[in-house]
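Take a look at the structure set out below.
Taken together, the values in this text are just the output of simple stated rules run on the coordinates, not laboratory data. Bear in mind the structure is a predicted one, so any value in this text is a computation, not a measurement. We place every Cβ from the backbone using ideal geometry, glycine too, and count neighbours over all the protein chains shown.
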Amino acid sequence: MRKIYFCSALVLLTLSTMAARESSRIEPIEGYTQQTTVPLIESLTRKHTDTVTTIAPIPGTDNFFSSGKDGFVSYITSDGLQQIWQISEIPIKKLAVDSSGKRIAAYETDGFSIHRISVWDWEKRQRLYAKRFKDAVTSLSWSAKGSFLLVGNSSLEGITILEGNSGRYKSVFTQSPGMVTLALTGASENSIITFGPSGNIQYTDLNNGKERASYLAERDLSQPILLNNNLVIAGYYDGAIYTVDATSGKTIRTYEANDPILSAQSSDRQPNWFENTEDGIVLKVGENIPVPILAGSQKISAAASLDTRIVFGTETGELYSIPRNNKNSETYNPQPLASNDIQHIDDITTDGTRLFILSSGSVFITSGYGAAPVFAFSGMNANKITLVEDGLLFWSSSKNSS
């Protein structure tokens, strides 16, 4: 009896390419040859390698997307399964998902000269279109049915409206509403509400561009969101969260806050938010006593309320969740949603200093003895790995007996 080894899917990846964090072997997303998708297997979760910038819930579910400065987008379901792509070589600052959960829009920016909106079909792993902007994008949202993408920006126009599937420009406004940091359509998509730093709340007919109503509210509110079934606008300014009547512009009340991360959803009647304090993260709901979040020294960077839980991300890339309606809790012990854990090892190789670990198509690297493995890239259809000169060689092997 002798063992016969069959090798297939031979792949060579140079260490210099790997160090540049480029994907290997993975087919490019259709229409986007500069970047590649990097889907991880569902049993292996992975945290972002840099700050989490956005949590984008799918309405009415506990499923959500997250984006990070690392250029990755992850999709995590209520039962903990995760898919992840790298869609950008630069940070993703904003992310929006349509009501079907099938299309996402990302604002990619280097913070200086590049301001790019890209729209993706998540299920097909396909980029539908991309648009470059001269000015910074200040808000990103889909219309209620997903017919339009609403792109608030710091240009004189204040907002750009694109047809959802094609990216074609739709002319609506006869007069600029000013810089827009919040935009939302009605359920029928016949009208749109816009709001921005000027304090102008404006309702506009999407069919003819005519202004239906406008009100002047508190100026310079950051992180504006809608509450109470879209009847109230909440935002932060100078040590306080303001709630404003969206149908009159009048301030309803204020809540003392310190650099909050707002996390309420439109059905909530009062704001809830996270704060980073000297003692750690706390959750505040209206005038209720702050509740500590037992997440160690983590600093929160993004948050959102889902159907039954609140999800938040940190400056170091972690994702956590806590229950939404646990009103009697004195503390919250958050559940980690992603990590760099390796659940199965297929093969290991070393250059004498580092370990290169292949686990179910994903590669992890340790920087030295006792160091935790760090995710490098994914998508390798192989179960063997070895070093060849300055590169990594991947192949698949199977054993047959005869």
key: Cα gyration tensor, the range 28-336 - rounded (a/c under 1.5), prolate or oblate   = oblate
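For the peptides 235-242, 48-55, 257-264, what is the packing order when you average, over each peptide's residues, the other Cβ atoms within 10 Å and list the highest mean first?
Values: 235-242: 18.4, 48-55: 22.1, 257-264: 20.2.
Answer by packing, highest mean first, reads 48-55, 257-264, 235-242.
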key: Cα→Cβ-extended label distance, 7 Å offset, between Asn258 and Thr349, nm   = 5.2 nm
remark   = With the 8 Å Cα cutoff and a minimum separation of six or more residues, the range 28-336 has a relative contact order in percent of 12 percent
Set of lysines near Lys384 by C-alpha distance (under 16 Å), chain-local residues within fewer than 8 positions excluded = Lys399
key: Loop trypsin sites (Lys or Arg not before Pro), the range 124-157 (other Cβ atoms within 10 Å of the site Cβ: 13 or fewer; DSSP)   = Lys124, Lys134
remark   = Protection proxy (average C-beta count within 10 Å per residue), highest first, orders 208-214, 68-74, 197-203 as 68-74, 197-203, 208-214
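Among rounded, prolate and oblate, which fits the range 87-206 when a ≥ b ≥ c are the square roots of the eigenvalues of its C-alpha gyration tensor, a/c under 1.5 means rounded, and a/b larger than b/c means prolate?
Details: a/c = 1.98, a/b = 1.21, b/c = 1.63.
It comes out oblate by the Cα gyration axes.
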Set of lysines with alpha-carbon distance to Lys210 below 27 Å, sequence-local pairs under 8 removed = Lys131, Lys134, Lys145, Lys170, Lys250
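Can you work out the FRET efficiency for the pair Leu216 and Thr386, with r the C-beta to C-beta distance and R0 = 60 Å, to the nearest 0.05? Kindly include the intermediate steps, with their values, before the conclusion.
Numbers: r = 68 Å, r/R0 = 1.13.
With a Förster radius of 60 Å, E is 0.35.
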task = Quote to one decimal, in nm, the extra length available between Lys124 and Ser147 on full extension: 0.36 nm per residue of separation minus the C-alpha distance between them.
result = 6.4 nm
task = Please give the length that would be gained between Asp110 and Ile289 if that part of the chain were fully extended, namely 0.36 nm times their separation in residues minus their C-alpha to C-alpha distance (nm, one decimal).
result = 60.6 nm
task = Kindly write out, for the range 231-244 in residue order, the coupling ³J(HN,Hα) from the Karplus curve 6.51 cos²θ - 1.76 cosθ + 1.60 (θ = phi - 60°), rounded to whole Hz, with x marking Gly and Pro.
result = 8, 10, 9, 10, x, 10, 7, 6, x, 8, 9, 9, 10, 10
ask   = Given Cα pairs under 8 Å that are at least 6 residues apart, what percent is the relative contact order of the range 139-209?
value = 26 percent
